[in-house]
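Participant: Encoded as structure tokens, here's the structure I'll be asking about.
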Amino acid sequence: MPRNSHRFFLFSAILLLSVSAFAQRSTPKAAVESFYKFDRSNPQAFNRRNIEARKAWFSPALYALFQNELRRETAYLKKNPTNKPYFGDSLPFRPLEELCDGPQKLGRVLTIKQEFQRSSRGAVTATFEYPKPCTTRDTVVYTIGLIKVNGGWVIDDVNYGEDTNLKERLRREEY
């Protein structure tokens, strides 16, 4: 490959990463859209590699809680090697991948809507619902709290619409 081709490729890669990073961080909605674009096209196992791959989208506090959970999980599995860990199904950012009932077997469609943005806080809803041909009407809505860190928006918590949120689950007393 000619030397100028290497430079052009490197310049193009840096430019794309810069544009992507800016778009990811410009609004709470853009940050969540960027996160889910990555999340939906990458492995879902709850492990160090997959958490590290998503680190840029996490607040420092949320990232620290994930690191603590990985340590807790390792200790738990040493004592209980045949048990399923707490986050054994997958990372906690979307419902389980289940196909709908109906003429076609389809997965949930994701819709992201910005709820508010004030100063250094924002919230976005992520709605997971089956498309029209499906007879299954199991809609799941997560409210994602974001904070601004170093000029960009990052995920700080996820409210599952139940009686708990992600940070509470990560801070639970018992494994």
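Participant: Would you mind checking Lys55/Lys148; Lys78/Lys167; Lys105/Lys167; Lys84/Lys105 for any pair whose Cα atoms are more than 22 angstrom apart?
Facilitator: Details: Lys55/Lys148 15 Å; Lys78/Lys167 24 Å; Lys105/Lys167 33 Å; Lys84/Lys105 28 Å.
Checking Cα-Cα distances, Lys78/Lys167; Lys105/Lys167; Lys84/Lys105 exceed 22 Å.
Participant: Just grab the label-to-label distance for Ser119 and Asn42, each label 7 Å out from Cα along the Cβ direction, in nm (one decimal).
Facilitator: Computed distance between label sites Ser119 and Asn42 equals 3.2 nm.
Participant: Find the relative contact order for the chain and round it to a whole percent, using C-alpha pairs within less than 8 Å whose residues are 6+ positions apart. Mind showing how you got there, number by number?
Facilitator: On the way: 244 pairs, mean separation 37.5, N = 175.
Relative contact order, the chain: 21 percent.
Participant: Among residues other than Arg118 whose Cβ falls under 15 Å from its Cβ, what is the net charge (Lys/Arg +1, Asp/Glu -1)?
Facilitator: Numbers: positive: Lys29, Arg121, Lys148; negative: Glu115, Asp156.
Its environment carries a net charge of +1.
Participant: Would you kindly state how much longer the chain becomes between Thr27 and Glu162 on full extension, computed as 0.36 nm times their sequence separation minus their alpha carbon distance, in nm to one decimal?
Facilitator: Here the answer is 46.0 nm.
Participant: Between region 132-156 and region 65-129, how many Å separate their Cα centres?
Facilitator: 10
Participant: Calculate, in nm to one decimal, what Leu99 and Leu77 gain on full extension: separation in residues at 0.36 nm each, minus their alpha carbon distance. Spell out each step's value before the answer.
Facilitator: Values: separation 22, 0.36 × 22 = 7.92 nm, distance 3.05 nm.
Difference between extended and current length: 4.9 nm.
Participant: Right, another one. Using the Kirkwood radius over Cα pairs, work out the Stokes-Einstein diffusion coefficient for the chain at 20 °C and 1.002 mPa s, in µm²/s as a whole number. Present the calculation step by step, with values, prior to reporting the outcome.
Facilitator: Details: Rh = 18.1 Å.
Reported coefficient: 118 µm²/s.
Participant: State, as an integer percentage, the relative contact order of region 106-175 based on alpha-carbon contacts under 8 Å between residues 6 or more apart. Mind showing how you got there, number by number?
Facilitator: Numbers: 118 pairs, mean separation 14.9, N = 70.
Dividing the mean separation by the residue count of region 106-175 yields 21 percent.
Participant: Taking the Cα centre of the chain as origin and charging only Cβ (+1 Lys, Arg; -1 Asp, Glu), how large is the dipole, in debye to the nearest 20?
Facilitator: Working: 28 positive and 19 negative charges, 152 e Å.
Here the chain has a charge dipole of around 720 debye.
None of the figures in this text is laboratory data; all of them are computed from the coordinates on show. Everything numeric in this text was worked out from a predicted model, so none of it was measured. Cβ coordinates were reconstructed from backbone atoms using ideal geometry, including for glycine residues, and neighbour counts include every protein chain displayed.
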